[in-house]
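The values are calculated or read from the model by the stated rules, or taken from the named source; none is laboratory data. This is a predicted model, so every value here is computed, not measured. In this analysis, Cβ positions are derived from the backbone assuming ideal geometry, glycine residues included, and neighbour counts consider all displayed protein chains. The area values use the complete protein model at the heavy-atom level, side chains included, leaving out ligands, DNA and RNA. Shrake-Rupley method; radii C 1.70, N 1.55, O 1.52, S 1.80 Å.
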Amino acid sequence: MRILIYGLNYEPEWVGTGKFTGEMARYLAQSGHAVHVVTAPPYSPTWRIRPGYSAWRYRRETLGGVDVIRCPLWVPRHPSGLTRLLHLLSFALSSAPALLVQASWHPQLILAVAPTLAAAPAAWLSARLFGCPAWLHIQDFELEAALRLEMLPGMRPLARLLQQAESWLLNRFDHLSTISARMQERLWHQGIPAHKTSLLPNWVDCDEIFPHPGPHSYREQWDIPMDQILLLYAGSMGEKQGLELIIQAARQLQADPRLQFVLCGAGSSRQRLEELAAGLDNVRFVPLQPPEALTYLLHAADIHLLVQRPAAADLVMPSKLTGMLASGRPVLATAEPDTELARVVSQVGVCVPPENLDAFCAAVQQLADQPDLRARLGNLGRLYAEEHLDRRLVLSRLEAELRRAVLKDPPQTPV
C-alpha cells in the first residue's frame, strides 16, 4: 500500500502523539508498505523547535524508511488559548501545499492524525482529489478539551461554530479511529456510524519496557536511597494534567520521610509548578530523559502517578499509561468513575477522584504502607499491557484495517 500520513507531531518527538505516529509509520514501512509523512518540525513538549530544524523552511528527510516532509510552523513562546489556535492554523496553512503535491505519488490512503483538526479539511479534500479513502485517527478531542479547561476565554460564540464545523467534518471521513472506548462512543454520539469507527489504543513495546531487576541507576543519580518510596510522574507538564495536585500532596505529606516525589518532563506549566514546590525537600524536578533510558526510568519508581483534571478526563487517554503498566510498577491515577482511564486503572491499580487531595494522599499512604499490594498491582498492570496494549498486537490490527479500507472490503464488526 501507499500510505500518506498527515499530522502535526512526529518523531524525533518521543512523547505523546509524535512518538506514536512515528512508530506507526515505521511499522508500516517495515511491513513493506510505502509511507510518506507530511508534518511539522519537532517542538513538543518544550515548545521550542528542536536544534537542527527550522520553523520557517520546508525540509525533506528519510527516517526509518519513511519519506518525511517538514512544513513551517509558528511556535509561541508562551502558549495560551489564542496563540495555540494560531499555532495550529500556521501548520494547516503551510502543510496544505505539501499535501497536495503528493498527488503525483498517487497515495492509496490518507491517514490524518488529530491533533490537529485544523489540518483535517486539507486531508479530506486531498483524499477526494486523489480518489482515495480518508482516515482520521483521533488522539485528542482538542477543541472540547480546550473549552472544558477554559483555555479559550471569551471565544464561546466562535467555539460553537467550530464545534458544528468539527461535527460536519468528522462525518465526511471514510473511517475514524481513536484510542479509547469512551472516545469511540463520543464519535457515535456525533452521528458517526459504528461500522466507520475502530479502536486503536496507544501501545507499548513490551520487549523494550519491562520489569527491570537490575540496579536503579536513576535512584543513584538522584541520590534517593532504596528504602525511600519514589513516586514518579514522567511526561508532559501542561494544563490538562493538573499536576498541582502532586505538589499539594507532597506538602501535606512532607512529614513522612519515606516519600520522595519526582516530576520528570517538560511543558508549558513546569516553571509554575517549580515555583509552587519551592521549599519542599520531598519534591524534585528532573529533565525529560532519553527514550533509550525509559525502561530504567519507569522501573526506578515504586509508584507511578497519573493525574488529570476532571474536565478532560473522558476526552483524552494519557499515552504515558502504557509504559507505566508495562514497567510492572503500580499506578495511582485520578479519574471520575465512569471514564475510560478509571475503567482501566481500577483493574490494575488505584484510582481516586480528580482534584481530591485527601483521597489522593490516603492512596499514597496506602500504597506506601503495603509493598505486597504494590507488587500485586504492578504484576496485574504488566499482564494487562501484554494482553491488550502490546505494540505488535495493536499495529498488526491497524495494518489489517487499513488494507480493508484501501481494498474497500465490507465493514467489519467494530473493535
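Quick notes on this structure:
- Using only side-chain charges placed at the Cβ, +1 for Lys and Arg and -1 for Asp and Glu, the dipole size of region 312-395 relative to its Cα centre rounds to 440 debye.
- Heavy-atom surface analysis with a 1.4 Å probe gives region 346-409 a carbon and sulfur content of 48 percent of its accessible area.
- Accessible area per residue, Å², the chain with all protein chains present, probe 1.4 Å: 42 Å²
- Note: relative contact order over the chain, using C-alpha pairs below 8 Å and six or more positions apart, is 14 percent.
- GNM flexibility winner over the chain from Ala34, Ala25, Ala278 (Cα, springs under 10 Å): Ala278
- The H on the amide N of Val37, modeled in the peptide plane, is under 5 Å from the matching H of Ile5, Asp67, Val68, Ile69, each at least 5 residues off or on a different chain.
- Peptides 164-174, 388-398 ranked from most to least packed, by the mean per-residue count of other Cβ atoms within 10 Å: 388-398, 164-174.
- The C-alpha atoms of the chain define a longest principal axis, and helix 391-407 lies at about 20 degrees to it.
- Cα shape, region 239-380, gyration tensor, a/c 1.5 rule: rounded
- Overall, the anisotropy analysis places region 328-397 in the oblate class: the square-rooted eigenvalues a ≥ b ≥ c of its C-alpha gyration tensor yield a/c not less than 1.5, with a/b not exceeding b/c.
- Placing pseudo-labels 7 Å out from each Cα toward the beta carbon at Gln366 and Arg258 gives an inter-label distance of 1.5 nm.
- Pairs from Lys19/Lys240; Lys240/Lys320; Lys19/Lys320; Lys19/Lys408 whose Cα-Cα separation, in the structure shown, is over 21 Å: Lys19/Lys408
- Cβ-Cβ FRET estimate between Gln248 and Gln289, R0 fixed at 30 Å, reported to 0.05: 0.75
- Between Ala278 and Leu89, the modelled labels are 3.7 nm apart [label points 7 Å from Cα along Cα→Cβ].
- Rolling a 1.4 Å probe over the protein heavy atoms of region 212-276, with every protein chain left in place, gives an accessible area that is 51 percent carbon and sulfur.
- Rounded, prolate or oblate (a/c below 1.5 giving rounded, otherwise prolate when a/b exceeds b/c) for the chain by Cα gyration tensor: prolate
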